[in-house]
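A short worksheet on the structure shown next.
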Amino acid sequence: MRIALALLAFAAALATFCAQAGTLPTPTGQVILTVRGDIANTNAGDAAEFDLKMLDDLTNRTTVTRTPWYDGAQSFSGPFVSALMRAVGTHATTMRLHAVNDYTADVPVQDAMRYPVILATRINGMPMSVREKGPTFLIYPFDEAPDLYNEVYFGRSVWQVEAVEFF
Amino acid sequence: MPGAASGRGLRGRTLILIITLTIVSVITFVAISAMLIRLQISEARTADQVRENAVWAAYQADREAGHLVEVIMRAELNPSAQAYDEVMRRFDVLYSRADVIGEAEFSFDVVKGAVLGDASNAVRSAIKDLTPIFDHLAAHPDLRGAAMPVLLERTQVIRGLTESFVQKANAANNSFRVEERSFVRGTYATLAVSVLMLTFALLAVVGLLIAQIVHISRTGRQLEVLSERNAKAAEAAEAGTRAKSAFLASMSHEIRTPLNGIIGMAEILAETPLSETQRQQLGVIWQSGELLLDVINDVLDFSKVESGKIDICEAEFNLRELLDTVEAVMSPRAVAKGLRLSIEAPAIAITADPARLRQILVNLVGNAIKFTEQGSITVTARLEGDANLAVKVSDTGIGILEGLQSKLFKEFSQLDNSNTRRFGGTGLGLVICKRLIEAMGGTIGADSRPGEGSQFWFLLPVKNVKSAIEPAPIVETPSIFQGSILVAEDNPINQQVVSRLLERMGLSVQCVANGAEALESVSNHDFDLILMDMQMPVLDGLATTRTLRERGKGIPIVGLTANAFVSDRDACFSAGMNGFLSKPVTKSKLAAALAPWLKARSFSSETEQSSRSRMCEPDTHGIDEDYRTALIAELGDEVVERLVGELLTDGLAQLRAARRAFLESQDETCMRCLHSLKGAVQSLGFAAIGATIEAGRDVRLLDAAWFDRLETMIRAVRKEE
């Protein structure tokens, strides 16, 4: 299982480097995620803005896992963090997640290389509102990698993410 | 053995202690394992229940509530669409928090669930209650400005609830931590105590083991010392036995040597002219000597039997012949007491130890004769089955009291003191018989009725039973030899006895007193045989023999010793001797020992030789002494005397017949009668008479005076003796 996860993450990471130089489309719907910092591809000044459709167009994954914030396992789906990184063209080592409520948390990019970490846009197939911890939620595959089920990764699992900064 | 008992007690206590400690250790170990497992489970449960920090969640909710209050107040002060949007947004965030504190699992909700649950429910329901208002405002943005004061009031209430929730969560968290800490501390304390106990128990076990090892090594040392002491004691005992054995050997030597002199001299004395009284007295001396010899032999036999050195030499022999010899040996004694001795045995060949069987029979028959005053002694031997010889010796003697029968086969047990005085003996005979029979794998027993007689029986396993046997060829041991003998013997009496016996066997004898002299004599003269005493001063018999053998002398050497031990015999043969002879030396024993090495002289040639020599050198007595001695040794005194008596009757009758034939001119008859007479007188050693008859061979020379002279000579035979 762990080897499978690592392979998956590696494949995603490889894709990141392969698709370094690309162009970003302009968001047509409501912008739900803004990416800044050390990125190559932008579509709004020095930032890269994403609407739900753009995020859906990236390589997605559905992670079904238990979390401390819900009763029982939930199905989260959204783009791989590595796919997002490829889309914005970044070699950063850290990403700082900004939540709607001004909460920020720093997450090592390596996590995204080692695990299939996604920036979930949907819960149980439905887009997430702010009330439902939307618009995006960083989800680790806790059930697939029980080692992650601890306070460190709980702290990195930021919800209501509206902006990501790579540096 | 108080020491041993206390030692056993100590060991017992130690054992109980070790068992107890082991049990304690095991229990402690199990307890520790249980505690560790419990801790592990608790840890695992804790890991399972890793939850979002409730305090953090409460704080976040409180913070969001605070923000909401703040943005509402700001919107009231500066009303704008953005400000109202911010209020709407902040409510959504707070709403998400309400979900979290409602749905999320917190690390201590198990412990403080009830208290905290109330607070969180209050927060949640307050927030949820606001939701329709905000939803309505989202649908009707124009109402937002008017709604602000109400929202502020409601939000401040929520703020109060979240503050209280934070406090409660914090308190719950603190008490949970304290409890958890005290649980862990308690568990660790118990664990520490258990480990301490286990350590103590193990230390105690180790201590006891060390004590045990020390004890064992000490015991081992004690055992070593003990076994050393035992070995010494055994050595001392063995030395004692050896000393006893040596003492016995030397005693038997010391006794046998003079006994040799007594019996030998008595034998020689018996051949000299004696009065009837003297002959009787000599008989007593001789019998006493023989009796003493028996006693010594008994003691020696017993010591051999006792030391387990019984040599069983099996050979095939004729049972009837063996019993006949026993009869021949024993019947004179029986006849002397007026008893009838009868022996019944089948003429069969069996394989067993004939010497031992003879010894046992002589012993039993001797006893029977000893204890029987009148009546008869019967020996019956028969085969029982295929491989058992059953022998019964019955007498009509005094019998044995029932109470005393069990003592029969015990050492030195004579049945009562009066008997000792009456019958004499060592009391060893039956013990020896029993031991010998047991050594041969048989059993012995006795039945007796006091006053009616006794019956001794034994059962002996025998082999190779053959019913029909060929009569054994009679090998006569010659008693007259040719040759010269060197006698090396330090005791003058023995020297004399042996040399006299040898001389009477027709041998020339030279005597020396020690081995050194013997060596000298051998280098100067040629001898046909050496009789060598084992114990001599200067150079003993064994050393002398070895020296002779080293010098390449192949001359036959026959050892002579007063010791009758097998070891002596072995020593003789290993030193290079050819034979062995135990004292006292008798003529027959000498003859048997010499026969293999010396040339025998046949009777006829001896007779002719001696008669011829007698004719040349007439003996004053007219008797060939040498021949006569040999004859007596061969046939016995009584027989020779009887024959002489017969010569007086038959010989004179023959002489009369010859004279009658001479007078009737029947020359042939006369010569035949004279020839017969000549044979008779020569056979009896009357050389002079033989020579006279020989001289009258020519019938023309005969006259009445010759016949008269011959008759006078024959009648003088008795006086001449």
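Annotations for the structure displayed:
- Stretched out straight at 0.36 nm per residue, the stretch from residue B:358 to residue B:236 would grow longer than its current Cα-Cα span by 40.2 nm.
- Rg/Rh, computed from the Cα trace of the stretch B:263-419 with Rh as the Kirkwood radius, has the value 1.00.
- Here each label is just a point 7 Å from Cα along the line to Cβ, and for residue B:251 and residue B:133 those points are 13.9 nm apart.
- GNM result for chain A, Cα springs below 10 Å: residue of A:71, A:102, A:57 fluctuating most strongly: A:71
- Trypsin sites (Lys or Arg not before Pro) within the stretch B:284-372: DSSP coil, no more than 14 neighbouring Cβ in 10 Å: B:309, B:337
- Straight-line cross-link reach from residue B:587 at under 30 Å between alpha-carbon atoms covers these lysines, not counting any fewer than eight positions away in the same chain: B:304, B:309, B:337, B:370, B:553, B:599, B:678, B:719.
- The calculated FRET efficiency for the pair residue B:373 and residue B:214, based on their C-beta separation and a Förster distance of 60 Å, comes to about 0.20.
- Rounded Å value of the spacing that divides the Cα centres of the stretch B:262-308 and the stretch B:377-398: 29
- Report summary: the helix-based calculation at 222 nm, which adds -39500 (n - 2.57) for every DSSP H run with n ≥ 4 and divides by the residues of chain A, gives -7000 deg cm²/dmol.
- Cut-off 20 Å, label 7 Å out along Cα→Cβ of residue B:39, residues of the stretch B:153-188 by amide N: B:177-188
- Residues residue A:150 and residue B:195, FRET efficiency given R0 of 41 Å [Cβ-Cβ distance, rounded to 0.05]: 0.85
- Rounded to the nearest 0.05, the FRET efficiency derived from the C-beta distance between residue B:325 and residue B:715 at R0 = 41 Å is 0.60.
- Spin-label model distance (nm) - residue B:526 vs residue A:74, 7 Å beyond Cα toward Cβ: 14.2
- Of the chymotrypsin sites (Phe, Trp or Tyr not before Pro) found in the stretch B:363-412, the ones in coil according to DSSP and having at most 11 other Cβ atoms within 10 Å of their Cβ are B:412.
- Model label points for residue B:676 and residue B:546, set 7 angstrom from Cα along the Cα-to-Cβ axis, are 6.4 nm apart.
No value in this document is a laboratory result; all are computed from the given coordinates. Since this is a predicted model, take the numbers as computed values, not measurements. Positions of Cβ are generated from backbone atoms using ideal geometry, with glycine treated the same way; all protein chains shown enter the neighbour counts.
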